[in-house]
Amino acid sequence: MAGNGHGAGQPVGNVPAAASPAGALVITTDSDAYCRTLSKAIDAHGALPREVSDLERQGEGLCGAGKIRSGIVRLRRALLVLRKQLPRDDTGAP
């Protein structure tokens, strides 16, 4: 990495990488920008079950109050709930 070089997809210390929907690795950090990214991913699902919208609202509130890690936990939990509720593809595709 040249200079600061903290662009998308570049490793930053020991920050864990998360797989994106396209399969590419994306490096995440505990930041307000990551909170917004998670919120956008949740909103992309359209109509949300109450549990998911409650978790999203709590997560956004915590991120806005500077409690980034706690907010990210709520937002990621909301995404997990959504993924469990999505219909499965029975064609055998991964």
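The values are calculated or read from the model by the stated rules, or taken from the named source; none is laboratory data. The model shown is predicted, which means the values in this text are computed figures rather than measured ones. Because the Cβ atoms are built from the backbone with ideal geometry, glycine has one as well, and the counts that use them run over all protein chains shown. Side chains are part of the model used for accessible areas, which takes the heavy atoms of the whole protein and leaves out ligands, DNA and RNA. Shrake-Rupley method; radii C 1.70, N 1.55, O 1.52, S 1.80 Å.
Taken over region 48-76, residues that are more than 17 Å from ASP32 (Cα to Cα) and touching a helix residue (DSSP H, G or I) at 6+ places or on another chain (Cβ under 9 Å) amount to 6.
Scanning region 34-71 for residues that are open to solvent by 90 Å² or more (accessible area, probe 1.4 Å) and within 11 Å of the chain's Cα centre (by Cα) returns ARG36, LYS40.
Restricting to region 45-70, give me the number of residues that are of a type outside the set (D, E, K, R) and either under 14 Å from LEU80 (Cα atoms) or in contact (Cβ under 8 Å) with a residue 60 or more places away in the chain (or both).
Qualifying residue count for the region: 7.
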